[in-house]
Amino acid sequence: MVASKEGSGDILLNRVRSGLDLTRPQKIRLVFFLSLPAIMAQMSTIVMDYIDACMVGSLGANASAAVGLVASCIWLIGSLCGSVASGFSVQVAHLVGATDNLSARSVLRQSLSVTLAFGALLALVGCVISPYLPVWLGGSAEIVEDAATYFFIFCLALPVLQVNWLCGAMLRCSGNMRVPALLNVLMCVLDVIFNFFLIFPTRPVVLFGHQLLLPGAGLGVTGAALGTALAESVVALLMFYALCCRSSVMRLNHEKGRFKPTASVVGKAARIGLPIGIEHFVMCSAHVASTVIIAPLGPAAIAANSFGIIIESLCYMPGYGIGDAATTLIGQSLGAKRKDLCGSFARLSVALGIAVMSVLAVVMYIFVPDLMVLMTPDALVRQLTVGALRIEAFAEPMFAASIVAYGVFVGAGDTLFPCALNLASIWLVRIPLAVWLVGSMGLSGFWLAMCIELCFRGALFLVRMLFGNWMKAAHKLAAHPGMDS
């Protein structure tokens, strides 16, 4: 799966690791080469969510509301798994930058043990609470059963999904952005195929003038959950194979090593990942609180909010892709002791993120009514979603600044203070504003509160990136460079 030939991005990354100078055009090309496949990977995930939403949306507003009701809790669990993966993958970025590949593989072995155990624990907790969660979130009687089933199936697949997230992060931080991108595209294709046969019942189709019966399980919302879980599981196995058996830097099948976690590696993972995990938990708890705020507005508002988040993702997921590239660039630059490159890579990455998301915000503002025609036949849901997203479009440039700057800070191992900024912004600005505005403006009030908060957050992150001492955390992590193998 891993290309053996080095492309331009690989050559430029090797210059970083080798201590060679890079011109400004070379820096721009490197940011671009790493960002493009990362953007592709993120966008394929959103396309998959979009396809799921379209397929489920064709079943009616209640089906969409059932999935939307538990979506924030799914993000919460996914973000916790991602934060555990980040604690280890950032270490790998630093070690690969320092050309200490043996220690990088030691970190990988230990991360597999820790993250699998963590994913299994989350799966157990999620399965136990799945029957009660939709009721706790304020779901109406007609959607709670489907919502509980959807969440239960997601939780069953968590250990495999955790492997997928970890292996993808490890590949990216070791400098391989292409394989995760291609496998995420494959996941999107598989999701369409599985959903097509699992969601809808057996139905007649006309092919080349002949009527045929197209088989289908007719499982509805349950089929959507199963289709997504199957697609992600297949890709998780391929991602593991690409990392552990084919990667020239990280493969484990040609040497022996211990999978038992050590205090050194787990301690560093905790210092990096714990603030991210706490932040994600509290922020996603805020998203759960947002669901509770919106739920009394009815199934149409819940469905519209869910659709709005999916469509907005088409704008902001490229920002997360560029943020992933920034994490790799900053992590490997610091590992190679190239502090001179960190500031320029940070500024170039943030500028690219703002430019891309600004263009996509304009596209979203213009074409969101056409997208909603494809996603649901419900006129009220369409109207609510279009109004919300046209408010949110104005927040995308500053949202980009916060997303990419956060990726810069993670690459430097500076996670505590940025996490505090995120928490303060969402809990002290978004939630109070949402409670105040929803009463008079309905769903539009919630999205206006989010727009204001994202602009505020972006300003905080820009100030931190331009004037803060965010590389200080990297020096602390480097204080004990040795890795227990």
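Just so it is clear, none of the values below were taken in a lab; they were calculated from the coordinates. Nothing here was measured: the structure is a model prediction, and the numbers come from that model. When we count neighbours, we look across all protein chains shown, and the Cβ atoms used for this are built from the backbone with ideal geometry, even at glycine.
Given a Förster distance of 41 angstrom, what is the FRET efficiency for residue 374 paired with residue 270, based on the Cβ-Cβ distance and rounded to 0.05? Please list the in-between numbers first.
Working: r = 44 Å, r/R0 = 1.08.
Working from the Cβ atoms, E equals 0.40.
Give the residues of segment 289-317 whose amide nitrogen is closer than 18 Å to a point set 7 Å from the Cα of residue 142 in the direction of its Cβ.
295-307
Specify whether the C-alpha gyration tensor of segment 41-112 places it in the rounded, prolate or oblate class, a ≥ b ≥ c being the square roots of the eigenvalues: rounded for a/c under 1.5, otherwise prolate if a/b is larger than b/c and oblate if not.
Prolate shape, in that a/c is at least 1.5 and a/b is the bigger ratio.
Is there a quick way to get the dipole size of the chain? I mean about its Cα centre, with the Cβ of Lys and Arg at +1 and of Asp and Glu at -1; what is the value in debye to the nearest 20?
Working: 29 positive and 23 negative charges, 380 e Å.
In debye, rounded to 20, the chain gives about 1820.
Just to verify a number: FRET efficiency for residue 435 and residue 366, C-beta to C-beta distance, R0 = 30 Å, to 0.05?
FRET efficiency, residue 435 to residue 366: 0.45.
Given the peptides 126-135, 409-418, 328-337, 73-82, arrange them by the average over their residues of other C-beta atoms within 10 Å, most packed first.
328-337, 409-418, 73-82, 126-135
Determine the alpha carbon to alpha carbon distance for each of 260/337; 256/337; 27/337 and list only those over 21 Å. It would help to have the intermediate numbers written out before the result.
Values: 260/337 29 Å; 256/337 29 Å; 27/337 17 Å.
Check vs 21 Å cut-off fails for 260/337; 256/337.
With a 10 Å radius around each residue's Cβ, average the other Cβ atoms per peptide and rank 319-325, 370-376, highest first.
Result, highest mean Cβ count within 10 Å first: 319-325, 370-376.
Specify which residue in the list 68, 83, 104 is farthest towards the positive end of the charge dipole of the chain, using unit charges on the beta carbon of Lys, Arg (+1) and Asp, Glu (-1), about the Cα centre.
The residue sitting most towards the positive pole is 104.
What is the calculated FRET efficiency for residue 428 to residue 129, with r their C-beta to C-beta distance and R₀ = 30 Å, to the nearest 0.05?
E between residue 428 and residue 129, to the nearest 0.05, is 0.60.
Treating only the Cβ of Lys, Arg, Asp and Glu as charged (+1, +1, -1, -1), what charge dipole size does segment 215-332 show about its Cα centre? Round to the nearest 20 debye. Don't skip to the end; give the middle numbers.
Details: 7 positive and 5 negative charges, 134 e Å.
With Lys and Arg at +1 and Asp and Glu at -1, about 640 debye.
Please identify the DSSP H helices in the chain that span no less than 27 Å along the helix axis (Cα) and have a mean Kyte-Doolittle hydropathy of 1.0 or more. Can you show the working numbers first?
Details: long enough: 24-57 (47 Å, 0.85); 61-97 (50 Å, 1.40); 101-129 (41 Å, 1.37); 178-199 (31 Å, 1.95); 221-241 (31 Å, 1.60); 263-294 (44 Å, 1.23); 299-335 (50 Å, 0.82); 339-375 (50 Å, 1.69); 443-467 (37 Å, 1.60).
Span-like helices in the chain: 61-97, 101-129, 178-199, 221-241, 263-294, 339-375, 443-467.
Among 307-314, 390-397, how do they line up by average Cβ neighbours within 10 Å per residue, starting with the highest?
Order by mean packing, descending: 307-314, 390-397.
Given the DSSP H assignment, sum -39500 (n - 2.57) over each helix run of at least 4 residues in the chain and divide by its residue total; what's the result at 222 nm in deg cm²/dmol, nearest 500? Walk me through the numbers before you get to the answer.
On the way: 18 runs with 378 residues, N = 485.
Mean residue ellipticity, 222 nm, calculated: -27000 deg cm²/dmol.
Any idea which of 367, 159, 311 is furthest toward the positive side of the dipole for the chain, if Lys and Arg beta-carbons carry +1 and Asp and Glu beta-carbons -1?
159
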